[in-house]
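A.B. asks: Structure below; questions to follow.
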Amino acid sequence: MIVVTGATGNIGGPLVRALADAGEQVVAVSRTAAEVPDGVTHATADLTDATTLAPVLAGADALFLLLADPRLDPALLADTAVRAGVRRIVLLSSQGAGTRSESPSHGWFLAAEKAVLDTPAAVTVLRPGGFASNAYQWAASVRADRTVAAPYGDVSLPVVDPDDIAAVAATVLRSDDHAGRTYVLTGPAPISPRQQAAALGAALGEPVGFSELSRADARAAMLAFMPGPIADTTLDVLGHPSAEERQVSPDVEALLRRAPGSFAGWAARNADAFR
Ligand SMILES: NC(=O)c1ccc[n+]([C@@H]2O[C@H](COP(=O)([O-])OP(=O)(O)OC[C@H]3O[C@@H](n4cnc5c(N)ncnc54)[C@H](OP(=O)(O)O)[C@@H]3O)[C@@H](O)[C@H]2O)c1
């Protein structure tokens, strides 16, 4: 049995479907009740209270652990899983654990990785770069007046399709071959916010305009849905990426034996959110 946390999110949704399609017994975990595919069980638990996860883990072989809340304790959750008999843990971390470990927000991811790797479980760490689904933050303005406003409009990064993260997670959750490995997950090519706006326009069949936000205006908007230190590091990555953050990682292709999905493909599949 495989327990998937963050099961109703961008990664968890397709991951639960992929595991169910592969014939696995799956328990999908989130705080609120949710529709899940036929044959999948949903369980409610709050990751900030490990005692709520313990009963869900009874009988599980593997755990997909998504650090969905900065208040959760990764070491306690991993220990709870091992005590429940979980042998394999796939941890969804962040590329920033490697490239921005000196920042408080992303240093937290590195500490989480160390805590989970410190357990006797077979652990695989996934370090994705920025998600294509971050473009959902532009859905309201694209729907309203076909515009995207974002900072650093011409800085390109290889954003990754969450469906590819889910496909990688499904692969490593079902095999013993990836214990102790850390994979960096990116898309197939760097793409700028201005180019992402154009790709959304192509998916909609109508032009989508782009206007550049100042860093200060972007930070003010980001504070509505993330803490200040995470906004600051995110803006550093978006505006001044390191060579490693600009680079396309070979890991998605090596694991899935196909090229990673493009932002244009993500936009085409999710165009309805922008209509
Ligand atoms: N966006 C990026 O560019 C990026 C890049 C690298 C890494 N990441 C990491 O990716 C993760 C986000 O993945 P995502 O986009 O798939 O998430 P998402 O779409 O925001 O969904 C979050 C999921 O976690 C659940 N959840 C939230 N708080 C919870 C809690 N306290 N206890 C139990 N479940 C909880 C949510 O359901 P309920 O609300 O019903 O509980 C939902 O199922 C984060 O750890 C983030 O740091 C993101």
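The values are calculated or read from the model by the stated rules, or taken from the named source; none is laboratory data. Worth saying up front: this structure is predicted, and the values here are computed from it rather than measured. We place every Cβ from the backbone using ideal geometry, glycine too, and count neighbours over all the protein chains shown. Quick note on the areas: whole protein, heavy atoms, side chains included, nothing else; ligands and nucleic acids left out. Shrake-Rupley method; radii C 1.70, N 1.55, O 1.52, S 1.80 Å.
A.B. asks: Per residue, what volume in Å³ does the convex hull of the Cα atoms of the range 160-231 enclose? Don't skip to the end; give the middle numbers.
C.D. replies: Working: hull volume 11.2 nm³, N = 72.
Spelled out: Cα convex hull of the range 160-231, divided by residues, is 156 Å³.
A.B. asks: To one decimal place, what Kirkwood hydrodynamic radius in Å is obtained for the range 75-168 from all pairs of distinct Cα atoms?
C.D. replies: Values: mean 1/r = 0.0642 Å⁻¹.
So the Kirkwood estimate lands at 15.6 Å.
A.B. asks: Ranked from highest to lowest mean number of other Cβ atoms within 10 Å per residue, what is the order of the peptides 163-172, 241-250? Intermediate results must be reported in sequence, preceding the final value.
C.D. replies: Working: 163-172: 24.3, 241-250: 15.3.
Ranking the peptides 163-172, 241-250 by packing returns 163-172, 241-250.
A.B. asks: Work through the residues other than residue 269 whose Cβ is under 11 Å from its Cβ and net out their charges, Lys, Arg +1 and Asp, Glu -1.
C.D. replies: Surrounding charge for residue 269 is -3.
A.B. asks: Okay, moving on. Keeping all protein chains in place and using 1.4 angstrom, which order do 136, 152 fall into by accessible surface area, from largest down? Walk me through the numbers before you get to the answer.
C.D. replies: Details: 136 85, 152 45 Å².
So, going from the largest accessible area down, we get 136, 152.
A.B. asks: Once the other residues with Cβ under 12 Å from the Cβ of residue 71 are scored (Lys, Arg +1; Asp, Glu -1), what is the net sum?
C.D. replies: On the way: positive: none; negative: 46, 49, 69, 73.
Combined, the nearby Lys, Arg, Asp and Glu give -4.
A.B. asks: Would you mind computing the Rg to Rh ratio of the range 5-116 from its alpha-carbon coordinates, Kirkwood style for Rh?
C.D. replies: On the way: Rg = 14.0 Å, Rh = 14.4 Å.
Computed over Cα atoms, the ratio is 0.97.
A.B. asks: Let me ask you something else. Taking just the alpha-carbon atoms of the chain, what radius of gyration and Dmax come out, in angstrom?
C.D. replies: Using the Cα atoms of the chain, the pair Rg, Dmax is 18.5, 54 Å.
A.B. asks: A further question follows. Any idea what the dipole of the chain comes to, in debye rounded to 20, about its Cα centre with Lys/Arg Cβ at +1 and Asp/Glu Cβ at -1?
C.D. replies: Numbers: 21 positive and 30 negative charges, 32 e Å.
The calculated dipole for the chain is roughly 160 debye.
A.B. asks: Among 21, 79, 161, which one shows the biggest mean-square fluctuation in a GNM of the chain, springs joining Cα atoms closer than 10 Å?
C.D. replies: 21
A.B. asks: Let me ask something else. Helix-only mean residue ellipticity at 222 nm, the chain, DSSP H runs n ≥ 4 weighted -39,500 (n - 2.57), per residue, nearest 500. What is it?
C.D. replies: On the way: 13 runs with 114 residues, N = 275.
About -11500 deg cm²/dmol.
A.B. asks: Follow-up. How big is the shadow of the Cα convex hull of the range 1-69, averaged over all directions, in nm²?
C.D. replies: On the way: hull surface 16.4 nm².
For the Cα atoms of the range 1-69, the hull's average projected area reads 4.1 nm².
A.B. asks: Ranked from the most accessible area to the least, with a 1.4 Å probe and all protein chains present, what is the order of 206, 35, 113, 212? Please report the intermediate quantities before stating the final value.
C.D. replies: Working: 206 85, 35 180, 113 5, 212 110 Å².
The ranking, largest first, comes out as 35, 212, 206, 113.
A.B. asks: Sorted from largest to smallest, which semi-axis lengths in Å does the alpha carbon gyration tensor of the range 88-128 give for its equivalent ellipsoid, taking the root of 5 times each eigenvalue?
C.D. replies: Calculated on Cα positions only, the semi-axes equal 19, 10, 6 Å.
A.B. asks: How big is the range 125-272 by Rg and Dmax over its Cα atoms, in Å?
C.D. replies: 15.9, 49
A.B. asks: Still on this model: Of all accessible surface on the chain at a 1.4 Å probe, what whole percent is carbon and sulfur? Don't jump to the answer; show the numbers that get you there.
C.D. replies: Values: 6230 of 12170 Å².
Here it works out to 51 percent.
A.B. asks: How are the C-alpha pair distances of the range 52-104 spread across 10 Å bins, as whole percents from the shortest bin up?
C.D. replies: 23, 49, 22, 7
A.B. asks: Next up: Just to be sure I understand: if I project the alpha-carbon convex hull of the range 225-265 onto a plane and average over all orientations, what area do I get in nm²?
C.D. replies: Values: hull surface 17.7 nm².
The Cα convex hull of the range 225-265, projected and averaged over all directions, gives 4.4 nm².
A.B. asks: Consider a paramagnetic label point 7 Å from the Cα of residue 242 along Cα→Cβ; state which residues of the range 140-163 have an amide N under 20 Å from it.
C.D. replies: Residues 155-160 fall inside that zone.
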